[in-house]
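Asks: One structure, as structure tokens, below. Some questions next.
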Amino acid sequence: MMAIAAAAVLCYLGLCAALFAFQRSLIYLPQPCPQAAVADAVTLPVDGAEILVTVRERAGAPAVIYFGGNAEVVPRAVPELADAFPDSALYLPHYRGYCGSTGSPSEEALLADALAVYDMARRRHDSVVVIGRSLGSAVAVHLAGSRPVTGLVLITPFDSLTAVAARHYPFFPVRLLLRDRFDSRSRAAQVVAPTLILAAEHDEIVPRGSTENLHAAFRPGLSRLVVVPETGHNTVPMLPEFAELLRAMR
């Protein structure tokens, strides 16, 4: 019996070690990207890498910066964003390792790159709205708490990646193992821009409580939570009225 118990412990520790070693391959899921999207993007040098940014220019207009989900090909979001913000310039950064960008994704890199994209856009535009979807919501919260923005839109956001991961992997000490924590809840109080939160009614990835915890972490009266009926985590942007939901920020 002791031998069986020892083997079980060793197996569990081995799984924990594997989860620690390969955790970023579970968080970041870059997808194949159309070559045209790479060819048309702007190259932005950042510390240790070059990231691509899909840009729809509108000289002298406000800017919208969009941060996508962990498995999203962000250039494909341009039509919906252009519909919602026809008179705004659009900036959609490709995370490191995604869609032609060099380097490897990590929380530290994504947050730093977001500031670089903002600084690029802010040199050209007087005001910036920031939108983040899923993983990108954490990047957007960090940016909105670090730079002056006109508005913030969060699509299916979470309070912290640690809390969500602990729910999906309850048998592992996720809080000890996770390196990229994306703790939006602790950063929300730094945001001073009006914030719109879009939650999916039937989100199978982010529990409703996680989104509500984030909503509660903003300054009183600053954020508005809208639950989108009959949607899942990945289907909110597919709605015909998605552009209208985004326009609610304006």
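Asks: How about segment 117-161: which of its residues are among the hydroxyl-bearing types (Ser, Thr, Tyr) and either part of a strand (DSSP E or B) or crowded, with 17+ Cβ neighbours inside 10 Å (or both)? Steps first, answer last, please.
Replies: Filtering segment 117-161 for residues among the hydroxyl-bearing types (Ser, Thr, Tyr) gives 118, 127, 134, 137, 146, 150, 156, 160.
TYR118, SER134, SER137, THR150, THR156, SER160, listed by residue number.
Asks: Can you report the number of residues in segment 109-138 which are closer than 25 Å to ILE197 by Cα and free of Cβ contacts under 8 Å to residues at least 60 places away in the same chain? Walk me through it before giving the result.
Replies: At the first step, the residues of segment 109-138 found to be closer than 25 Å to ILE197 by Cα are 109-119, 121-122, 125-138.
Then keep just the ones that are free of Cβ contacts under 8 Å to residues at least 60 places away in the same chain; that gives 110-111, 114-115, 118-119, 121-122, 138.
Selection size over segment 109-138: 9.
Asks: Return the residues of segment 33-56 that are part of a loop (DSSP other than H, G, I, E, B), among the charged types (D, E, K, R) and in contact (Cβ under 8 Å) with a residue 40 or more places away in the chain; say none if nothing qualifies.
Replies: So the first thing to find is which residues in segment 33-56 are part of a loop (DSSP other than H, G, I, E, B), and the list is 33-34, 40-41, 47-48.
Within this subset, residues satisfying the condition of being among the charged types (D, E, K, R) are 40, 47.
ASP47 - this is the single residue of segment 33-56 that is part of a loop (DSSP other than H, G, I, E, B), among the charged types (D, E, K, R) and in contact (Cβ under 8 Å) with a residue 40 or more places away in the chain.
Here is a yes/no grid of residues against (1) under 13 Å from HIS125 (Cα atoms); (2) at pLDDT 95 or above:
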position	(1), (2)
ALA39	no, no
GLU57	yes, no
PRO75	no, yes
LEU90	yes, yes
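Asks: Still on this structure: What number of residues in segment 219-237 are more than 17 Å from the chain's Cα centre (by Cα) and not in a strand (DSSP E or B)?
Replies: Of the residues in segment 219-237, 7 are more than 17 Å from the chain's Cα centre (by Cα) and not in a strand (DSSP E or B).
Asks: Related question: Just one of (1) in a loop (DSSP other than H, G, I, E, B); (2) touching a Pro at 6+ places or on another chain (Cβ under 9 Å); (3) under 26 Å from ARG247 (Cα atoms) trips up GLY60, so point out which.
Replies: (2)
Asks: Consider LEU178 carefully, then state whether it is buried (at least 18 other Cβ atoms within 10 Å of the Cβ), in contact with a strand residue (DSSP E or B) (Cβ under 8 Å, 6 or more places away or on another chain) and touching a residue at least 40 places away in the same chain (Cβ under 8 Å).
Replies: Details: buried (at least 18 other Cβ atoms within 10 Å of the Cβ): yes; in contact with a strand residue (DSSP E or B) (Cβ under 8 Å, 6 or more places away or on another chain): no; touching a residue at least 40 places away in the same chain (Cβ under 8 Å): yes.
Considered against the rule, which asks whether it is buried (at least 18 other Cβ atoms within 10 Å of the Cβ), in contact with a strand residue (DSSP E or B) (Cβ under 8 Å, 6 or more places away or on another chain) and touching a residue at least 40 places away in the same chain (Cβ under 8 Å), LEU178 comes out as no.
Asks: Now a separate question. Being within 21 Å of the chain's Cα centre (by Cα) and under 19 Å from ARG175 (Cα atoms) is the filter here, so list the residues in segment 7-64 that pass it.
Replies: Within segment 7-64, PHE22, GLN23, ARG24, SER25, LEU26, ILE27, TYR28 qualify.
Asks: What residue, among those in segment 182-232 that are touching a strand residue (DSSP E or B) at 6+ places or on another chain (Cβ under 7 Å) and small (Gly, Ala, Ser), is nearest to THR150 (Cα to Cα)?
Replies: Selected residue: ALA193.
Asks: Assess whether HIS215 counts as being in contact with an Asp or Glu (Cβ under 8 Å, 6 or more places away or on another chain), over 21 Å from TYR28 (Cα atoms) and at pLDDT 95 or above. Before the answer, list the steps.
Replies: Details: in contact with an Asp or Glu (Cβ under 8 Å, 6 or more places away or on another chain): no; over 21 Å from TYR28 (Cα atoms): yes; at pLDDT 95 or above: yes.
Taking the combined requirement at face value, the residue does not satisfy it.
Asks: Report, ordered by the first and then the second residue, all pairs with beta carbons closer than 9 Å, sequence separation of six or more or different chains, a first member in segment 216-227 that is loosely packed, with under 14 Cβ neighbours inside 10 Å, and a second member that is modelled with pLDDT under 95.
Replies: So the pair list comes out as VAL226/LEU245; VAL226/ALA248.
The values are calculated or read from the model by the stated rules, or taken from the named source; none is laboratory data. All values reported here derive from a predicted model rather than from experimental measurement. Using ideal geometry, Cβ is built from the backbone for each residue, glycine included, and neighbour counts are taken over all protein chains shown.
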